[in-house]
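Working notes, beginning with the structure itself.
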Amino acid sequence: MNAAIPVSPATALPRVMIVDDSRIVRATIIKHIRGSFEVREETDGEAGWEALLIDPSIQVVISDLTMPHLDGYGLLERIRASHIGRIRDLPVIMISGDEDEASRARAKNLGATDFITKGIGTAELLTRLDTLMKLSRTHQDLEQSRQQEVADPVSGMLSKAFMVRQADQVFARVQRHGGEVCILVLGFDAYDALAARLGASIENLLGQFSKMLSTHIRREDSLARCDNHEFAVLIPDAGLADVSAFAKRVREAVSAAHISMQGEVLHVTVSVGVASYQADTPADMVALLGLARQRMHQAQAAGGDQVVGVDSHRQSLVAAPGVDQALALLALGKGAELEAHLPALTHTLLPLLAAIDRHYQLDLPLQRLEQLVGTPAANSSNPSNPS
């Protein structure tokens, strides 16, 4: 005796739902498609609708037009109006009996995919179902591809490619009509060490950060994940001063936060790069994004936990601290904040170092130090510092 071989989920037959109050009609259709399709039967539109909500494996609906409780028109209308994509896009074949042409036209206007008669043959029905299945799979593949292009698969935020396309539209608008658009790029400092420390939990940290950002930006702003630990915010119709102030608030909020993960409190910091259409006059939005990203990396190279903005190639957004301020920062353990200002501080201290060298006869390499930091005019980040 031959035992039945169970069908594994990987090789399961495609599932069709037949909705008809006639047991004979259902049995006839099942006879035609048995062996090629798995079938679910429902006796009216209301039951069919409930089945769709709980059974995601249904790939095609075959429905009669006239039924009790909820007829085929009502079921079709609910399907096409559904907020659930897998239901809304289902192929729906309507069973046509004695209905006139106006009834078929009504069903077609409501979104019917195809019509079959109650006397349809096996070969024709199988051919139509097979064609609809292929179309449905193609549509699903295209939709999945579009979603992956739009959203980062890990965080669910906009992808970099989609944000750039969105930014191109904003760029074209400000070129024609004027206005401003800014981009922020934010990245975690010492990310590699942080990722090694947290392991897979690093994604939880990135998720928390993205949620925090999303709650603080406006509806017209766009947040995208551009790299492993880099995020970009597209900010149209906002002044550079406001955008820079926002960047500083985000940096300060992260630096002051006490994040608890894996039973320990983390102190993390971010660096932010700011770029502006009006101030930078880029060729396109890709260039503007590149400028913001470059400035974020510049902030990280200078010690991190900083905002570097439009004038960073000429001067820091924050004037270089004096010697007293620098000593105070060192006493507070914030020596990293001095990295960008060391050339200016070195020039300030060179006369003092020379006096110390002469007094104690230390033979300090002052000439080499001066060569390393260059001239005061080239390296000072304080515009009031004399050249």
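Results, tabulated for the structure shown:
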| item | result |
| --- | --- |
| Selection of GluC sites (Glu not before Pro), segment 160-235, meeting DSSP coil and at most 14 other Cβ within 10 Å | 220 |
| Under 17 Å from residue 31, Cα to Cα: lysines that are on another chain or at least 8 residues apart | 118 |
| Assigned charges on the beta-carbon of Lys, Arg, Asp, Glu; segment 158-317 dipole about Cα centre (debye) | 200 |
| Per-pair calculated FRET efficiency, R0 = 56 Å: residue 177 and residue 360 via Cβ, rounded to 0.05 | 0.25 |
| Net length gained if the chain between residue 368 and residue 104 were fully extended (0.36 nm per residue, minus Cα distance) | 86.0 nm |
| Extension reserve of the residue 353-residue 201 stretch, reckoned as 0.36 nm per residue once the Cα distance is removed | 49.9 nm |
| Phi to ³J(HN,Hα) by Karplus 6.51 cos²θ - 1.76 cosθ + 1.60 over segment 42-55, Hz, x for Gly, Pro | 9, 9, 7, x, 5, 5, x, 5, 4, 5, 4, 5, 9, 10 |
| Cβ-derived FRET efficiency at R0 35 Å, residue 83 paired with residue 114, nearest 0.05 | 0.90 |
| Residues with amide H under 5 Å from that of residue 40, placed H, sequence gap 5 or more | 16, 17, 18 |
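Quick note: the coordinates plus some simple rules give every number you see, no bench work behind them. In this text, all values refer to a predicted model and were calculated from it rather than measured experimentally. For neighbour counting, all protein chains shown are included, and Cβ atoms are generated from backbone atoms with ideal geometry for every residue, glycine included.
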